[in-house]
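Only one structure is covered here, and it is reproduced in the block below.
Computed from the coordinates by the stated procedures, all read-outs in this text should not be read as laboratory data. Only a predicted model underlies this, so the values are computations on that prediction, with no experimental measurement involved. Every residue, glycine as well, gets a Cβ built from its backbone with ideal geometry; the counts of neighbours run over all protein chains shown.
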Amino acid sequence: MSDAKTPFELMMAQAQEMAKAFNPALETFSPKGFEKLWPTMPKDAMELWFGKGISKEGLDAKTRLLLTLAGLTMQGAQADTPFRMTVRHAREAGATKDEIAETIAQMSMFAGIPAMTRAMELAREVMDEGKDDET
């Protein structure tokens, strides 16, 4: 067995070296730490910008955020930070843990079990850090 690296591993190592050269603090950068810089929007603000504030007869913010979770799941739940932030916002907009889980589970029919499993893992991380135990 050799210690040869794949082109992707070489590219990632080169990118890390370049990031260190630009800014040494990037060596310890964590996307989860970056998430903490962005607060969860209040429900009223979400409703104004993404819900009935746009169209009185349209979808509410909670429904729009559940649809967003469905779309992110369909993409394979590859974008960890946006996915976790959407779960936080959906909870703030009134979505229950069961509604979030059901939305993700429904996508298994279209995106497949691996995408659903990944999405459930990310959602569980967020829901486990919550203050209340509401379902």
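At a glance:
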| read-out | value |
| --- | --- |
| Count, lysine Cα pairs under 24 Å in the chain, 8 or more residues apart or across chains | 20 |
| Integer Hz, Karplus 6.51/-1.76/1.60 couplings in order for region 104-113, x for Gly and Pro | 5, 4, 4, 6, 4, 5, 10, 9, x, 5 |
| Additional length obtainable on full extension of the chain from Ala25 to Ala45, 0.36 nm per residue less Cα span | 3.8 nm |
| Approximate spin-label separation Lys56-Gln75, in nm, with each point projected 7 Å along Cα-to-Cβ | 3.4 |
